[in-house]
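A short write-up of the structure that comes next.
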Amino acid sequence: MKPEVKQYTAEVGGRTLTFETGKLAHQAGGAVTVQLDDAMVFCAATMSKNARDVNFLPMSVNYEERMYAGGKIPGSFFRREGRPHTEAILTSRLIDRPLRPLFPDGMRNDIQVLVYSISADDNPLDILAINSASAAVSISNIPWDGPVGAVRIGRIGDEFIVNPTYAQLEESDLDLRLAGTKEAILMVEAGADEIPEDVMVEALALGHASIQPIVETISAMAAEIGKEKDEPILNKADEALVQKVFDYASAELTDLVSKPLDKATFYGSMDDLKAKTVEAMLAEDEELSTSDIKEAFGSAEKKIIRERMLSTGIRIDGRGPKDVRPIWCEVGYSPRAHGSAIFTRGETQALSIATLGTLRDSQMLDGLDPKKEARYMHHYNFPPFCTGETKMMRGTSRRETGHGALAERALLPVIPSKEEFPYTIRVVSEIMASNGSSSMASVCGSTMSLMDTGVPIKAPVSGVAMGLVTDGERYHILSDILGTEDHLGDMDFKVTGTTKGITALQMDIKISGLSTELMAEALTQSHEARMHIMDEMMKVIKTPRPEMKNHVPRVTTVTIPVEKIGAIIGPGGKTIRAIQEETGARLDIEDDGTVYISAADGESEAAARARVEGLTESAVPGRIYTGRVVRVVDFGAFVEILPNMDGLVHISQLDTVRINSVEDVAKVGDEITVMVTQIDAGGKIRLSRKAVLEGWSLEEAKANDQPRGGNRNNNRGRSNNDRNRGRNNNRR
């Protein structure tokens with residue numbers, strides 16, 4: 001029997017968002033399809049019956065991009081979807097971040113959220129994916145304090161656009177993705193072209209207002225057809241044990257957090273005190289669980305550190321809320337790398353290395369969005385030693401992918417176009433030490449490495465991670481947060497930008513949401529911190545180096561007529577291969593006639609450029625060329641003045657005096673200097689050696705060389721006297 005299908009709609013930005021449930025996946029906890037125009041995504045959310053013995057919420061979110069949604073067959077060898085690519089991983093993280101803070105504290109059931117792309121058009125699917133996940137969890141049996149809604153905000157000119165299409169995003173200077181509840185904002189992810197802080201606040205306010213119809217629609221769905229919520233199994237420490245541990249350790253904890261210690265000493269001392277507390281509690285009651293005691297100790301640590309910051313404004317390293325840690329920088333660290341920089345802020349350090357390649361080295365993309373290649377790439381690595389730990393190396397983590405994408409987004413607005421700088425650019429940030437804000441250290445270090453390379457970036461970019469500690473009434477916004485402040489605080493709000501404005505935002509929070517007023521205050525404080533960091537960077541390198549290192553490949557461009565592309569390629573690619581083999585340069589040709597020449601040195605580049613220009617140059621009337629005689633006939637000589645281009649020098653134009661035979665002046669293989677006097681509509685070229693010898697102008701040369709047609713005896717272009725002389729000779 002066909003199931004009963006329910007549909008709900010929300011009007012967002014003048015367009016209809018449709019939620020449908022009941023048709024698919026009836027055994028899932030909750031299943032919803034969301035559609036905007038012809039774009040459609042499906043989400044299923046399911047929870048396990050039993051809780052796990054872990055100290056975190058075991059939720060997994062996977063966005064599965066199916067190529068059939070766009071009518072495509074995957075380009076892999078097996079012709080099926082494999083491991084998720086970068087954009088799919090980023091979308092999975094985007095869905096996870098607004099969902100996670102709203103689950104009950106201490107919930108330990110496995111939760112799995114799976115999102116599939118069903119149909120793809122000119123609308124981005126990531127916002128639909130967040131809304132589908134929110135709706136699926138809301139109508140499911142999973143305990144959750146939702147729903148949330150999500151929108152994208154763009155800006156073309158001075159006009160904001162809600163949920164812009166890909167075509168509109170091409171013109172937009174803002175790509176803001178926002179998710180939140182009815183009351184507050186939960187998640188922000190943005191890329192921008194140096195947007196001022198006040199404009200960003202306007203966009204945030206519009207975004208929060210725009211999600212309200214979505215939140216209302218999903219709430220109506222849950223009220224009408226939602227399943228009864230299961231009673232959650234919460235893993236919380238016993239309140240009596242928490243108080244007992246607090247009473248025992250609070251004095252020593254307070255003393256410890258009041259000392260401005262380095263990370264290793266602080267963590268080591270905290271571990272010693274934790275072990276001492278566990279031993280003391282077990283001595284009083286052997287039936288207590290060691291894990292419960294440790295969890296209670298963590299609660300005491302969090303309470304004391306947060307209360308100290310709220311009441312005094314003093315942080316665990318002795319700084320005030322707005323203070324930034326000491327900074328030192330260095331460029332040119334790697335002798336053979338194209339560009340390198342070390343950026344160190346407190347105990348966080350990034351080594352950023354920049355590499356230049358040809359446009360052929362750009363990354364080819366095979367996804368549902370219109371972007372098919374990336375010529376700027378940023379990769380972020382976070383090895384275990386940077387935190388003094390040992391771990392299994394299992395390849396790039398989702399966190400590393402996300403941090404690399406954030407740094408890439410932060411710098412993308414200042415990367416020169418390929419017309420200005422015809423290179424592929426890759427930057428790798430190796431985190432050598434970490435105590436908070438490592439992604440922002442990678443942004444700062446990468447800016448400096450690009451300038452050290454000589455990349456003409458439009459402006460330097462700096463970044464800072466902002467934090468928040470609040471109890472609902474009191475609060476402090478923290479600049480340049482430590483790892484402990486990230487762990488025990490309520491917000492990690494990353495902001496990057498130039499002196500002109502913001503280039504990227506990313507916000508993760510652990511509370512139920514933030515008001516736009518609080519976010520505006522955080523943005524204002526972040527600007528002060530960014531400008532301080534920028535000043536420290538500028539003390540080391542202010543502008544991009546005017547010259548690149550000798551071993552950096554040189555890439556130059558030559559623009560040729562489109563119809564000349566075949567002349568460079570040659571039959572079966574013979575000509576272009578010969579140029580590359582003989583000069584050592586590499587040629588890449590675009591469909592619009594742009595030729596990119598990449599070479600290891602200037603001599604090789606110059607030789608390749610000369611070959612390309614020679615193959616594609618067009619003859620110009622009045623210009624003088626030195627060419628080679630390729631064919632001799634009785635009425636003149638054909639001279640190759642450019643590669644694969646020859647013209648006729650009539651016998652009357654070979655010399656200043658009358659000659660009896662063409663070969664008296666020009667034999668096959670001889671080099672002679674000639675002027676182009678005429679190019680007819682068919683492209684035939686007429687040349688004159690006489691004009692060069694006489695020193696005539698083009699007008700004088702044309703006046704002294706007037707072809708008057710021809711006859712069947714191959715006398716085309718010869719004068720009447722020449723034809724008469726031919727007739728007299730025939731009579732003899």
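From the residues Val632, Ile415, Ser362, which one has its Cα farthest along the dipole of the chain in the positive direction, the dipole being from +1 and -1 charges on Cβ of Lys/Arg and Asp/Glu about the Cα centre?
Val632
Between helix 197-210 and the chain, what is the angle of the helix's C-alpha long axis to the longest principal axis, kept within 0 to 90° and rounded to the nearest 10?
70
Relative to the longest principal axis of the chain, what angle (0 to 90°, nearest 10) does the C-alpha long axis of helix 602-616 take?
60
Please work out the C-alpha center-to-center distance from the stretch 1-49 to the stretch 433-504 and express it in whole Å.
Result: 38 Å between the Cα centres.
On a straight-distance basis, which lysines could pair with Lys6 in a cross-link, Cα separation under 24 angstrom, same-chain partners fewer than 8 positions away excluded?
Partners found: Lys23, Lys182, Lys227, Lys229.
Determine the gain in length on full extension of the stretch Ile659-Ser618; use 0.36 nm per residue of separation and subtract their C-alpha separation, reporting nm with one decimal.
The Ile659-Ser618 span can extend by a further 11.7 nm.
Filter Lys259/Lys302; Lys372/Lys574; Lys259/Lys494; Lys263/Lys510; Lys276/Lys322 down to the pairs with a C-alpha to C-alpha distance above 25 Å, please.
Over 25 Å Cα-Cα: Lys372/Lys574; Lys259/Lys494; Lys276/Lys322.
Which Cα, out of Gly570, Ile541, Val657, lies furthest along the positive dipole direction of the chain (beta carbon charges, K/R +1, D/E -1)?
Selected residue: Val657.
Among [x] 1.10; [y] 0.95; [z] 1.16, which one is Rg/Rh (Cα atoms, Kirkwood Rh) computed from these coordinates?
[z]
Compare the peptides 692-698, 123-129 by average per-residue count of other Cβ atoms within 10 angstrom and give them in order, highest first.
123-129, 692-698
For the stretch 10-64, what is the relative contact order in percent, using Cα pairs closer than 8 Å and at least 6 residues apart in sequence?
Contact order relative to length: 23 percent.
Mean separation of Cα pairs under 8 Å and 6+ residues apart, divided by the residue count of the stretch 327-538: what relative contact order is that in percent?
Result for the stretch 327-538 is 22 percent.
Students often check this: by mean Cβ neighbours within 10 Å, which of 108-114, 466-472, 414-420 ranks highest, and how do the rest follow?
108-114, 466-472, 414-420
Suppose every K and R has +1 on its Cβ and every D and E has -1 on its Cβ; what is the size of the dipole of the chain about the Cα centre, in Debye to the nearest 20?
The calculated dipole for the chain is roughly 4220 debye.
Okay, helix-only estimate at 222 nm for the chain: each DSSP H run of n ≥ 4 adds -39500 (n - 2.57), divide by all residues, round to 500 deg cm²/dmol; what do you get?
-10500 deg cm²/dmol, from helical runs alone.
Straight-line reach from Lys371: which lysines have Cα under 22 Å away, leaving out those fewer than 8 places along the same chain?
Result set, ordered by chain and number: Lys72, Lys418.
Any chance you could give the angle, 0 to 90 degrees and rounded to 10, that helix 516-538 forms with the longest Cα principal axis of the chain?
Orientation of helix 516-538: about 60 degrees from the principal axis.
Take the alpha-carbon centre of the stretch 282-308, take the same for the stretch 392-432, and report the distance between them in whole Å.
41
Does the stretch 554-616 come out rounded, prolate or oblate, given a ≥ b ≥ c as the square roots of the eigenvalues of its C-alpha gyration tensor, rounded meaning a/c under 1.5 and, failing that, prolate meaning a/b above b/c?
In terms of gyration-tensor shape, oblate.
Rule-based calculations on the coordinates, nothing more; no lab input. Note that the structure is a prediction, hence the values are computed from the model and not measured. Positions of Cβ are backbone-derived with ideal geometry, glycine not excepted, and every protein chain shown enters the neighbour counts.
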